[in-house]
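Student: Below is the structure I would like to discuss, written out as structure tokens.
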Amino acid sequence: MSADRDSMAANDKTRRMVILSVWAVVLLGLPLWWKTTRVYRAELPYDSIDQWNQWKTCQPKFPIRVNLHLSETKQKQSGNNPTLSDVTQGVIRRVQEWNKAHDIKESLLAVEFIAGKPWTGSINKDITERTSTVPGTYDFYISPSNVTHASIRSQRQGFIQVQSWNTDHIIDTIVETSGAVFGSEERIIRQLLNANEDTQGVRKVQDQLKTVKYAPGYQLTFSLFSGDASNGVREWKMQEVIHAYLAPFIKAMSTVSKFTIESQIQHYASLAFTPQLDYSSQEYYLTPDALPNFINAAEWSLASTVSSLPSLNFLTYVPKPSESPLVIKTGPGAPKSATNSFLIPRWGGVAILNRDTDRTKRAKEHPEVITVQDLEPVMRVFLTQLRDLMGVTDLSTTAQSSSSFPIVFHKSLNEAPTTWELDSLLRRRSAENLVDSLATISSLARLVRDTPNMVVLDHIQRDVTEALRDIGRSCQHLSHQEYVEALAASRDGLVKSETAFFDPTMVSMLYFPDEHKYAIYMPLFVPISVPLLMSLLREVKRLKEKKKRAQEDKDSQGRDDHDIKHDKQE
Amino acid sequence: MAKGLSSNNAVAVFGTAVALRLALFQFPALASLLGERVEISTPVTSFKRLSEGVFLFTNGVPPYDGGVVHQAPLLLGLFYPIISSPLLVNLLYILIDLAIGYMLLQITAIKDKDYAKEKKITQYGGKEEEPGMSGLSVATLYLFNPYTIASCIGRSTILYSNAAVAAAIWMGMKGNKSLAMFNVAVATYLSLYPSMLIIPVILMLTRKIDDNDLTKKVAIRCTGLFAGSLVALFALSFVLVNSWDFFGSVYGTILTVSDLTPNLGLCWYFFIEMFDQFRPFFLVVFQIHVFIFAVPVSIKLRKYPLFVSFLLCAIMGTFKGYPSVGDASLYLGLLPLSSEIFKYMRYSFLVTNLFMYSTLLAPIFWYLWVYVGSGNANFFYAIGLVYGIGEIILMIDSTFALLRRDFESQSPPETTGQDAALGWDREVVQK
């Protein structure tokens, strides 16, 4: 009897130890559970993001300095000579009045007029060499003339000639000229900065939709697609054409973006559809509706393998003889497109190059070569398209309509952006980058706030903080009229904000409802926990019973004293 | 006469084992084929990776920088002088394999001596229980196990860890504390998981001590010896490769299961599919799961340390991150040490079939998935699951058998009289 009881007690002890040892490990595992499944959330700087969204931290301003230079020549002849200081004061006052009238508290393009030096009134070498090299600082030279007329020269200079040499007229002319030059830009930037998040979708003005997203570098791909071998195209002189026509543009743009260029020829590039034939003119034509299908994305290999820069494609399409000449027009008999080309917003441009079907008319020596002469019109089209894609606005088109006197904008060689256009581009791109990176950061902040399950790692926090710092830096540079630095800083901010937003660690938990957690825990832990809990409960029950029995035993004389003591020890 | 016969037999068995391995090593294509099999060499035991590590080491490049080598530095040191000679490498593998066989033989001898002192179980019909397998049979079962041979020819480095485990058990049975603990430390050093074998080995060392206090003292001393040996091995490794990088590369890889090359185990597929967010949590769960059994099993079966070491080896071989057939060869080698429980096992047929099934189908499904492409990863993983089920049933069944036998020995059946007629259920079990 006693021996049996001993072994029973030993058995009980063993069982209790086993259960205890398993539960000890389970309990040890609990803190690990907490530690390993904790949703790590680094605190994002919500307050400063909110402040930035209302431009409270720093209101971007785009200071512009215009030095006014009055011609000395007439001053001696007439008694009522306008003085430089009068003109300057007058211009400043007029601008303030205009702002007040239009309920604008502070001009974004803070045009500051400064009295410059008097000059002789003739455009000579002395003047043209004294050009401003600082983006945002310009010189206006004012002189009397027979007709009122302004000419904006490429090197940050404007020559204004006025009909009647009196202060008011000079002031009017200057204000109108500067309005023509900076007005549209001011409007665009105002739209950009004031658009709040709700209107983001529609904030872009028409021509901005064409513009590609800003990047510090682009890859330009010039492709020649030949419809058929029988059109006799074997080679094109693209390299020469690029050197001749594209180089000035790229050089001028280098302060904003860098470009890498590649070219390719693909033969037997057939269209995905058959163009219609206009019997009256014996031309094949594409209607504007068909243009979206022009790119045969399935068969034409257009993806660049060389770099990770955003790429812009420029396609020259030489139709096969059975489909040429190929023109773009709205229908049979309608006038055809003069450039025979079209632009695909944010993607690139396409130009159709019809070759003379008559071989004898082509260059005698190399009939299979597309020569520089052949390519020149195409390249001109591409340059215009590239300007549009890059967001270089042609000042002449926006300004001409609003002014009461002719304003001539000088262009530089081969469509390269002028300094005026480039400065404007710097300002607009900076503003765009600021707005875009802030929009990215605030969507990120909103997303994080709305998704409590989302892990926010330290590097996200770091990226966001750094992006905000870059934005602040950019804003400071802008207010100091350091446009190149401002663009660089705003670009850094944009890159960092997007890195944070598109970080893979964030995306994985974007959608993770609580029900998923049950699916994760249940299959493993329910089967494990059932025997664990059951054994624990059974053991507790057994202990209770034992106590009860021990009590009974004690009541009935306490015969097995020794055993009870033994039990209590445990 | 009998002794002479048995030694002749031993020579024959070991000689055949050597000849078989030497013959198989004659086909280098076979060795490299087996060495490439995911079932045989895992990222932490691959001979190819070891050679790479030795090559880097020889050329003065830190071997653990590239993230390829996950073997312990002292293994690199061991192979450094002989790697250029395939014959020496092969001979080393054969020698280690034979040594394990020899140690199993010795362990059986010690166990038989213990067994002779025990009270015999009287079976139904008044018969005494027959002794278990002879040492030579145990060694033969190990040496001619296809898993052992494949693992040896495939030159998986799990062999060294297995040898250390076998040596630790032998020394534990023999009562040599320092060598036993040193060998547990070596096994831990080589593949980490055998650290839990410290418990059964201490049980072996203390199995003849009745005094509770003395047992505790011995256990503490053993733990000290273990820790000391381990620290010494680490220090030696540091001297060899002159950096602590090996910690992350060897043990980090084992613990975090960072190399998800498919293998026979249960982890790789799971961690490929797991949400990143929960990966650390389940990693902890899986690793704890391997170790959670060590203490309760040792408490429950403390009278049978040999069986505990078998069971822990089987648990390791089933649930570790990078199991291979080399792990199976170890615990299948240790199982016959408790051969007296075989007659109580109920699912031997099922387990044998599951092992054969998975062994045959694993290469086929692998081929279908990786080469032909007509299957996918699920095919191979399913075979891994079948293999795992086989291992788990083996563990459950053998534990049941052991407890059954334990029960028999504690409450022997009535062999005569009226009650004997009630012993029908035992009859069934005992055939």
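Student: In the structure displayed, which of A:Lys13/A:Lys548; A:Lys210/A:Lys496; A:Lys13/B:Lys208; A:Lys100/A:Lys213; B:Lys117/B:Lys343 lie more than 23 Å apart, Cα to Cα? Walk me through the intermediate numbers first.
Tutor: Numbers: A:Lys13/A:Lys548 18 Å; A:Lys210/A:Lys496 25 Å; A:Lys13/B:Lys208 21 Å; A:Lys100/A:Lys213 35 Å; B:Lys117/B:Lys343 21 Å.
The pairs that break the limit, which is 23 Å between Cα atoms, are A:Lys210/A:Lys496; A:Lys100/A:Lys213.
Student: Counting only Cα atoms, I'd like the Rg/Rh figure for segment A:217-390, Kirkwood definition for Rh.
Tutor: 0.96
Student: Taking the beta-carbon count within 10 Å as an exposure proxy, list A:Thr133, B:Thr16 from fewest neighbours to most.
Tutor: Ascending Cβ contact count within 10 Å gives the list A:Thr133, B:Thr16.
Student: Now a separate question. Mind pulling the angle between the C-alpha long axis of helix B:325-334 and the longest principal axis of chain B? Nearest 10 degrees, somewhere in 0 to 90.
Tutor: 20 degrees
Student: At A:Asn293 and B:Leu88, where each label point lies 7 Å from the Cα along Cα→Cβ, what is the point-to-point distance in nanometres?
Tutor: For A:Asn293 paired with B:Leu88, the spin-label model returns 7.5 nm.
Student: Could you work out how far helix B:279-292 tilts from the main Cα principal axis of chain B, as a 0 to 90 degree angle to the nearest 10?
Tutor: Roughly 30 degrees between the two axes.
Student: Tell me the Kirkwood radius of chain B: reciprocal of the mean inverse pair distance over distinct alpha-carbon atoms, in Å.
Tutor: When all Cα pairs of chain B are included, the Kirkwood radius is 22.9 Å.
Student: Modelling each spin label as a point 7 Å along the Cα-to-Cβ direction, I'd like the B:Ser374/A:Arg446 distance in nm, to one decimal.
Tutor: Going from the B:Ser374 label point to the A:Arg446 one covers 5.4 nm.
Student: Counting every Cα pair in the protein assembly as shown, what percent are over 37 Å apart?
Tutor: 68 percent
Student: Using only the alpha-carbon atoms of segment B:3-96, report the extent along each of the three principal axes, biggest first, to the nearest angstrom.
Tutor: Principal axes ranked by extent give 54, 24, 20 Å for the Cα atoms.
Student: Restricting the count to DSSP beta bridges whose residues both fall in the protein assembly as shown, what percent are antiparallel, rounded to a multiple of 5?
Tutor: Approximately 20 percent, going by the DSSP bridge assignments.
Student: Could you work out how much longer the chain between B:Arg346 and B:Lys303 gets when fully extended? Use 0.36 nm per residue separation minus the Cα distance between them, nm to one decimal.
Tutor: Length gained, B:Arg346 through B:Lys303: 13.2 nm.
Student: Can you give the Kirkwood hydrodynamic radius for segment B:65-139, in Å, rounded to one decimal and based on Cα pairs?
Tutor: Kirkwood radius, segment B:65-139: 16.3 Å.
Student: A further question follows. Just the number, please: percent antiparallel of the DSSP beta bridges in segment A:263-360, rounded to the nearest 5.
Tutor: 45 percent
Student: Using a simple spin-label model with points 7 Å from Cα along the Cα→Cβ vector, what separation in nm is obtained for B:Phe55 and A:Glu72?
Tutor: Placing both labels 7 Å along Cα→Cβ, they lie 8.4 nm apart.
Student: Per the helix-only calculation at 222 nm, which mean residue ellipticity applies to the protein assembly as shown, given -39500 (n - 2.57) for every DSSP H run of n ≥ 4 and division by its residues, nearest 500 deg cm²/dmol? Show your work: numbers first, answer last.
Tutor: Values: 35 runs with 546 residues, N = 1001.
The helix contribution divided over the protein assembly as shown gives -18000 deg cm²/dmol.
Student: Just need the relative contact order of chain B here, percent rounded to a whole number, with Cα pairs under 8 Å and 6+ apart. Kindly include the intermediate steps, with their values, before the conclusion.
Tutor: On the way: 557 pairs, mean separation 81.9, N = 431.
In percent, rounded to a whole number, it is 19.
Student: Between A:Thr371 and A:His410, 0.36 nm times their residue separation minus their Cα-Cα distance comes to what? Kindly include the intermediate steps, with their values, before the conclusion.
Tutor: On the way: separation 39, 0.36 × 39 = 14.04 nm, distance 2.95 nm.
That pair, A:Thr371 and A:His410, stretches by 11.1 nm at full extension.
Student: Can you compute the FRET efficiency between A:Ile114 and A:Thr330 using 1/(1 + (r/R0)^6), with r the Cβ-Cβ distance and R0 = 51 Å? Round to the nearest 0.05.
Tutor: 0.45
Student: What FRET efficiency would be calculated for the residue pair B:Leu260, B:Val18, taking the C-beta separation as r and a Förster radius of 25 Å, to the nearest 0.05?
Tutor: 0.10
Student: A further question follows. To the nearest 0.05, what FRET efficiency results for A:Arg346 and A:Ile261 with a Förster distance of 30 Å applied to their C-beta separation?
Tutor: FRET efficiency, A:Arg346 to A:Ile261: 0.95.
Student: Using a 4.7 Å Cβ cut-off, which Cys residues in the protein assembly as shown lack a partner cysteine?
Tutor: B:Cys152, B:Cys222, B:Cys267, B:Cys313
Laboratory data are not the source of any read-out in this text; all were calculated from the coordinates shown. Bear in mind that the values here come from a model prediction, so they are computed numbers and not experimental data. Don't worry about glycine lacking a Cβ; one is built from the backbone with ideal geometry, like all the others, and counts go over all protein chains shown.
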